[in-house]
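What follows is a set of notes on a single structure, which appears directly below.
The values are calculated or read from the model by the stated rules, or taken from the named source; none is laboratory data. On a predicted model such as this, the values are computed, not experimentally measured, just so you know. Here the Cβ is made from the backbone with ideal geometry for all residues, glycine too, and neighbour counts use every protein chain on show. What goes into the accessible areas is simple: the full protein's heavy atoms, side chains included, and nothing from ligands, DNA or RNA. Shrake-Rupley method; radii C 1.70, N 1.55, O 1.52, S 1.80 Å.
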Amino acid sequence: MSQKIALITGASRGLGSAMAEQLALRGWHVVAVARTVGGLEDLDDRVKAAGLPGAGGLTLAPMDVTNEDAMRHLCRSIHDRWGGLQFWAHTAVHATALAPAPSIDMKELDKSLAANLRATAFLITMVEPLLRAKTGTAMFFDDPVAGQKFGAAYGASKAGQIALARNWQAESARIGPRVLVETPRPMPTAVRARFYPGEDRDALFPARDEAARLIALI
């Protein structure tokens with residue numbers, strides 16, 4: 001059987017990095033996309049250091065998901081090399097600084113909408129044929145911060161992203177690809193630290209454990 005191929009957008013840190021690592025250690029080849037080169041290199045080092053027999057590999061793609069030309073080129077390259085994808089996990093987000101709704105910074109709102117909503121919409125158009133070719137699964141991640149205090153810009157854009165994912169999920173229920181919308185358990189990530197400052201991080205779920213739980217749903 002040919003090796004399974006996964007695309008992880010937002011793979012340099014947090015849940016995305018943990019999912020990319022766990023998939024590679026399980027024998028998948030993972031296309032890891034993120035802006036932070038150092039985070040991608042750390043991911044690659046961890047996978048190689050594990051030295052597990054039968055482990056897969058990584059293709060590091062230091063790209064910004066809001067760059068539509070780059071994303072178009074990446075998806076075309078995936079098609080040409082592998083013919084499609086068995087899995088796409090979209091963890092890339094832009095998390096804004098805390099601010100009350102009447103004090104939203106319009107530049108930050110634009111960044112949130114570009115990264116969390118528009119980029120997701122564009123990626124769906126690019127990735128859908130790749131998933132369909134391999135009867136694949138897409139996974140999105142809901143965040144209950146929407147509607148809470150001081151997270152209006154991020155919360156609004158994230159809520160829009162999940163609405164878009166649920167629309168796709170309903171539309172593809174019979175014809176595919178399979179679309180999952182999951183709510184991860186609280187993890188000690190940089191995004192969470194921004195919205196819950198001072199929280200006891202030791203009481204949260206390790207990203208590696210949560211990644212393993214979510215991968216089991218594929």
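Could you work out Rg/(2.2 N^0.38 Å) for region 59-117, with Rg from alpha carbons only?
Details: Rg = 15.4 Å, N = 59, 2.2 N^0.38 = 10.4 Å.
Relative to the rule-of-thumb radius for its length, region 59-117 sits at 1.49.
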- request: Could you compute the FRET efficiency for Met106 and Ala216, with r as their C-beta to C-beta distance and R0 at 30 Å, rounded to 0.05?
  value: 0.15
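If you take the beta carbon distance between Arg46 and Glu182 as r and set R0 to 22 Å, what does 1/(1 + (r/R0)^6) give as a FRET efficiency, to the nearest 0.05?
Values: r = 23 Å, r/R0 = 1.06.
E(calc), rounded to 0.05, equals 0.40.
First compute the accessible area of the chain with a 1.4 Å probe, then give the percent of it belonging to carbon and sulfur atoms.
Working: 5690 of 10640 Å².
Looking at the chain in its full context, I get 53 percent from C and S.
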message: Give me the net charge for the shell around Lys48: Cβ to Cβ below 12 angstrom, other residues only, Lys and Arg +1, Asp and Glu -1.
response: -4
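Suppose the chain between Asn67 and Val37 were pulled fully straight at 0.36 nm per residue; how much longer would it get relative to their current alpha carbon spacing?
Numbers: separation 30, 0.36 × 30 = 10.80 nm, distance 1.59 nm.
Result for the pair: 9.2 nm of gain on full extension.
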- prompt: Quick one: if you stick a label point 7 Å off each Cα along the C-beta vector at Glu199 and Ala55, how many nm between them?
  reply: 2.9 nm
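Per residue, how much accessible area does the chain have with a 1.4 Å probe, in Å²? Could you put the intermediate results ahead of the total?
Details: 10640 Å² over 218 residues.
For the chain, the solvent-accessible area averages 49 Å² per residue.
Return the FRET efficiency for the residue pair Ser172, Ala97: r is the Cβ-Cβ distance, R0 is 41 Å, and the value is rounded to the nearest 0.05. Kindly include the intermediate steps, with their values, before the conclusion.
Numbers: r = 35 Å, r/R0 = 0.86.
It comes out at approximately 0.70.
Quote the Stokes-Einstein diffusion coefficient, in whole µm² s⁻¹, for the chain, based on the Kirkwood radius over alpha carbon pairs, a temperature of 20 °C and a viscosity of 1.002 mPa s. Don't jump to the answer; show the numbers that get you there.
Details: Rh = 17.6 Å.
Here the translational diffusion coefficient equals 122 µm²/s.
Sorting check: for 61-73, 116-128, which peptide has the highest mean count of neighbouring beta carbons within 10 Å, and how do the rest follow? Walk me through the numbers before you get to the answer.
Numbers: 61-73: 16.3, 116-128: 19.7.
In decreasing order of mean packing, 61-73, 116-128 become 116-128, 61-73.
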Net lengthening on full extension, Arg208/Thr125 (0.36 nm per residue, minus Cα-Cα): 26.9 nm
Cβ-defined net charge surrounding Pro100, 14 Å radius [Lys, Arg +1; Asp, Glu -1]: -1
message: Could you order the peptides 177-184, 27-34 from most to least packed, using the average number of other C-beta atoms within 10 Å per residue?
response: 27-34, 177-184
